[in-house]
Structures are given as structure tokens and as C-alpha cells.
Amino acid sequence: MGGILNDINSPDDLKKLEIDQLEELAGEIRSFLIDNVSKTGGHLASNLGVVELTLALHSVFNTPSDKIVWDVGHQSYVHKIITGRKECFATLRQLDGISGFPKVNESVHDCFNTGHSSTSISAALGLAKARDIKKEKHSVIAVIGDGALTGGMAFEALNDAGRSPNNLIVILNDNEMSISKNVGGLSSYLSKIRTEPFYFKVKEDLDIILNKIPAIGKSAAKALGRVKGSVKYMIMPGVFFEELGFKYLGPIDGHDLSELNKVFTRVKTIKGPILLHICTQKGKGYTFAEKSPHLFHGISPFEIETGEVLSSGGPGYSDTFGSELVKIAEKDESVVAITAAMPNGTGLDQFSKRFGERFFDVGIAEQHAVTFAAGLARSGLKPVFAVYSSFLQRAYDQLLHDIALQNLHVVFAVDRAGIVGEDGETHQGLYDLSFLSHIPNFTIMAPCDYDEMRKMLNYAFLEHNGPIAIRYPRGRGQDKLVDGGDIKLGQGAIYKEGKDLTFISIGAMFETSVKAAEQLEKLGISVELINARFVKPLDTKLIVNSVLKTKKLVTLEDNAISGGFGSSVLEMLNQSGLNIKAKLLGFPDQPIIHGSRNELFKKYKLDAESIVVETLKLGMSKK
């Protein structure tokens, strides 16, 4: 690090710089980002695209007095660098280091925690209304991408904010991308605006001209109003936002610092809600990210010179899911697939290339995706919705109301279940077992290896009827840990018989339970190992017979303990009239911080060694 960036320790330092110095600083920040993210991994392409935008914001506005809400927040790295966190940037997304998302407890310049999309306008409107109630004087800005704007919550907020008299600035960062290429009518509309050679000056001139046309009589006034509206619709960009109640300015080059500074200075003085349309290039300044922004959206450590990811290995759970789904769809033409703007991340890119007419990317709209799947299922198709666990949370009502109560056959491929790792609290998939388990008619499975996943997928499509979820972790697993036979509804499998203690694990925790059991065996403790396979329905007969024999039970899950797999097992045992000494192992009822998966399993006592220690607290005697 050197040059101008070396002297930037707060946003106040930016205000001393001339435009040419800011442009030089932008280049230094891009180099800084590429160098650091190549070591830590993280969201690179989105941050390279907002360098000038962020510099201009902090040059004109005054945080922490002024409030900037970053939608999703994965594009807040530049903001962090210039708000006093560049010295600790090497700890980005590392255990006990700085977060990859805005965190109010990390800096006074972060005014709102974000991590999921489409929330910024709602939060900013709340901040603006609170400001006015308290008679304070500061600006509130929401920075939202065109991908996040496809989320329904963003439109709910636009609808409310547009009729509000409160001063609010919404910056639409239009880079034609979310994680993958944007889709849908809104994307087409923004693309059309983007190609128009109009700027906000055209809009002003047009309004002045139209308002000078004289009106004669009521009928003439009405006719003139229609004419004015028609002219505006024909030649003025952003009419959609204008009709919602926003003053629309743009589109503006998001890499022109001089223009950005002028526009931001101006919008500070405009009353009411404003939507500023800014066009940026995702991945700007790094050739590999410019060519493949979806690959550099969230990337592991990589080689700067080649753009190649440093880690290597075989296919992960997402890849295995995608490959097997293609095989199933080849045999069954009723199988269709849905993603919420994540075909690559969920492994559905394979399906989309093979069966384009049966593949649906609905944008960042999980609620819509679930009810859309319900419509497909009601018509006799077999939809699968592949979605990250933490994003499925946003469609809870649709899962219950539109899927479960109608008992529709929809398959949910719940990816990134359990610990996700470096993205932290907002992305940990630790709650799906809890919120799915109490929904009627739902069946829930979790494979311990790839072979079991393939079997579960075939069961879900070919034998099951009704809503069913298969949840699996991020990253790579084992191809075949066990040979538990075919999948049958509600049947678990005993991996190894024992007499002193019963281990019941679900999904990815099975491999860890095997390692812990081996250590306990060395201490003379005989462990019966059960691979539950099903969270709902549980294999009541298998579990009851085992705990009646051993009299002691440990459940293991990569989910929150509260309302999770272990809780379901205890409820079942209670209903069976059994009172067994038990230990539930899972994640505590608190936000789970960022760090690597291995570090977090160890921190929360869910690695094999910690499980042994916790198990011995049941009163097991070493022999």
C-alpha cells in the first residue's frame, strides 16, 4: 500500500483531494482490493464496480452523520477501506477479523446491518422518517443494485417511499448483474434506459417546455395532460420511477468522478424522494473479473496473474446435485427447475444448458419462486427449487400457505445448509431444519454423502408425493461413506451397533460422528451409530430400540439446537413415554460469526474432539 491511499484514514481525507487525485486513488484502491481479496477470498467484482461511486459518495456526503445503507452489503469493501478499516483489511472474513458486510458494531460509518438483498430502501425510509420526527438534518441514501431491485420487498419500499414527502436518495447501481446475468422485464426496461442518450438535463428541459404550453378550458386541460403524459412516455427515461413518485435522474456514468460529484452535490438540495440511476461495470479494472463477473462475485483465494482459484478438488454437493438432476430430467419430462438468480451457485447451470425450456430463473425473488413452483406443481409438473438455506428463510409464508397446505409435490434442494463460513451471520444456513420441521405435510431429508444425495433425489422425484426438502452443506463431501441401501420414507440406518451410547446424526454431521465414535471406542465406550437420513418423519422404531438398549443419547446436527433435529428426537421420545439421558449438540441460540467452517465447528464444540468431551459429560465411564 502506498501513494494517496496511504493517507486516507477517514472520509474527511477525501474532501481535500482534487478530481485527478481521486481518480488516481480509485486506481490504487482497485489494486489494493485485488491484492487483498486474492488472499482472503470474498466479493471482488461488485466492489471493483463501485470504486468511483463510493469515493464520490464520501466526498460529498458526511458519514456517520449522513446515513448510507448498502443493499446486500457485499459491495461495501471500498466503503470500509476509506472509513478507517484498511489497516485490518487482511483479516476480511477471517475469524475475529472484519466482516465482508456492513456491521454497526464494527464502525460508526455502518448505519445498518445487511447481507440479504432488497432491504435497503425499506431501512433507509425508516431512517429518513425517524430523522424527520426527531427534527434532525442529514441525508439518507440507499444504494441498491439492479439485481436486488428484482426482489419484491424493494418494490414494496419504492411504492411506500414514492408517496412520502421525506427526503430520501435511492441510488440504483445498474451493472446488469446480480450474481449471474439479470433476467426479466425490469432488466429489459433498465437496459432500454441505459441505451438512451438522455440525462437528467433532458428531463428538466422537457418539463419546462411542457409546462409553458397554455391550457384553455377544463377539457383542453385534460387533453393537454394526456398529451404531456404521452410525450414523456415516448422520450423520457425513468417514467416508471417518476410515476411511483420519485424524481428520476440519469442514467449517469458511474465511473466519471467529476459527473458523480456534481450530481451528488445537487441531489442533496432536492426535496422529496429521488432515484439516481448510475451505470457501472462489475469487475472494472481487473480483466478476469470484467470477463467473468459471475465467477468473481464471491471467489476463493486466487492467483492474480491468471485469475485461477488456488484451491482444488473434486465436485461439491451443488455439482453433484446438478449432475444427478440432469439424469433424472432426461428420463422424466415433467421435471422442471427454478432458481432465484443463482444458476451457477446452485449447480443448475448444467440443467439450464441441457433443458432451457424447462429452466426458470425468476430473479432475486424467493417468495415468487416458491408460489411459482406451486403453480407448476398444481398443473402436474415436478418442480425443484434450488436455493441457499439462508435465502429460503425469506419464503416461509409461501412454504406453508402455498405449498404445504395444498400438499403439493415440490422438491426443495436446500443448498449451503449448516455452516457457510466466511460470509457470517446473515448467510449461515442454521435454521432450515427448525422452520421446516413444524410445517405440516413436509418431508425433510439430509444426505451424509454424494451417493445418498443421488438416492434421495431419485426418491424425491420418482417415489414421493408432497413437499419434500433435501438439505446439504456448502463445499465438498465424500462420495460414499456408507451403503445404507435404498431410500424409504422415514427410514434411518444403523452404521455400527453399540451398547453404551447412541449417536444419532443428520446429514453432514454423520462423518464427524464416525470420527468421534472411533475416539470414544479407544476409551472403551461402545457407540451405536445411527445415520438418521430423515428429519421428518423420524425413524421412531429404530431410534426407540437403540436408546432402550444404550440408555444414553447424543444427537448431532449442523443446525440451531433450538427447534432442530435433536428437539424433534426428544419430542418423539417423550411421546413414546421414554425419559432418556440425552445431550443435544448443535449451534447455540445466538448469531454465528464469520470464519472458516473448520474454525467455527471447533469454536462451537462440534468437531470430533469436542464432541468426545461433551459426550463424556453424560457420565460415561472410561474403561
Qualifying residue in segment 306-319 (condition: hydrophobic (A, V, I, L, M, F, W, C) and either out of contact with any Asp or Glu (no Cβ under 8 Å at 6 or more places or on another chain) or outside the structural domain of D415 (by TED's automatic domain parsing) (or both)): yes
Residue within segment 41-64 that is in a strand (DSSP E or B) and either in the same structural domain as K129 (by TED's automatic domain parsing) or over 23 Å from T150 (Cα atoms) (or both) present: yes
Candidates G595, G566, G507, G524, filtered to the one that is in contact with a Leu (Cβ under 6 Å, 6 or more places away or on another chain) and part of a loop (DSSP other than H, G, I, E, B): G595
Among the residues listed as L408, L436, the single one being under 29 Å from the mean Cα position of the chain (by Cα), outside any strand (DSSP E or B) and either at pLDDT below 95 or surrounded by fewer than 20 Cβ atoms within 10 Å (Cβ to Cβ) (or both): L408
Positions within segment 297-338 being closer than 30 Å to G254 by Cβ, crowded, with 17+ Cβ neighbours inside 10 Å and out of contact with any Phe, Trp or Tyr (no Cβ under 7 Å at 6 or more places or on another chain), in sequence order: H297, G298, I299, F302
Some residue of segment 412-419 being assigned to a loop (DSSP other than H, G, I, E, B) and surrounded by fewer than 24 Cβ atoms within 10 Å (Cβ to Cβ): no
Odd one out for P293, checked against (1) in a loop (DSSP other than H, G, I, E, B); (2) over 23 Å from E366 (Cβ atoms); (3) out of contact with any His (no Cβ under 9 Å at 6 or more places or on another chain): (2)
Selection count where residues are in contact with a Lys or Arg (Cβ under 9 Å, 6 or more places away or on another chain), surrounded by 15 or more Cβ atoms within 10 Å (Cβ to Cβ) and over 17 Å from I506 (Cα atoms), scope segment 598-611: 1
H79 being out of contact with any Cys (no Cβ under 6 Å at 6 or more places or on another chain), outside the structural domain of A341 (by TED's automatic domain parsing), under 23 Å from I592 (Cα atoms) and surrounded by 24 or more Cβ atoms within 10 Å (Cβ to Cβ): no
Inter-residue pairs, beta-carbon under 6 Å, first over 21 Å from N559 (Cα atoms) and modelled with pLDDT of 95 or more and in segment 371-399, second of a type in the set (G, A, S) and part of a helix (DSSP H, G or I), 6+ apart: P383/A373; P383/A377
Matching option when the condition is within 20 Å of L436 (Cα to Cα) and in contact (Cβ under 8 Å) with a residue 60 or more places away in the chain, among F601, F565: F565
Residue match in segment 526-542 (condition: surrounded by fewer than 18 Cβ atoms within 10 Å (Cβ to Cβ), acidic (D, E), without any contact (Cβ under 8 Å) to a residue 60 or more places away in the chain and within 30 Å of E463 (Cβ to Cβ)): no
Positions within segment 353-371 being surrounded by fewer than 19 Cβ atoms within 10 Å (Cβ to Cβ) and part of a helix (DSSP H, G or I), in sequence order: K353, R354, G356, E357, R358, H368, T371
Selection from segment 345-373 of residues that are under 20 Å from the mean Cα position of the chain (by Cα) and charged (D, E, K, R): D349, D361, E366
Members of segment 545-559 found to be more than 16 Å from I494 (Cα to Cα) and crowded, with 22+ Cβ neighbours inside 10 Å, listed by number: E557, D558, N559
Check on S437, in the same structural domain as V612 (by TED's automatic domain parsing) and of a type in the set (G, A, S): no
Filter result (assigned to a loop (DSSP other than H, G, I, E, B) and in contact (Cβ under 8 Å) with a residue 60 or more places away in the chain) within segment 296-316: F296, H297, G298, S300, P301, E303, I304, G313, G314, P315, G316
Among (1) modelled with pLDDT under 55; (2) in a helix (DSSP H, G or I); (3) buried (at least 20 other Cβ atoms within 10 Å of the Cβ) - the single one A161 does not satisfy: (1)
Close pairs (9 angstrom Cβ cut-off, 6 or more residues apart or separate chains): in the same structural domain as D146 (by TED's automatic domain parsing) in segment 262-286, in a strand (DSSP E or B) and among the aromatic types (F, W, Y) anywhere: I274/Y248; L275/Y248; L276/Y248; H277/Y248
Output for segment 489-504, where each listed residue is in a strand (DSSP E or B), touching a residue at least 40 places away in the same chain (Cβ under 8 Å) and not β-branched (V, I, T): A493, L501, F503
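The values are calculated or read from the model by the stated rules, or taken from the named source; none is laboratory data. All figures in this text were calculated on a predicted structure; none of them were measured in a lab. Note that each Cβ is placed from the backbone with ideal geometry, even for glycine, and that neighbours are counted across all protein chains shown.
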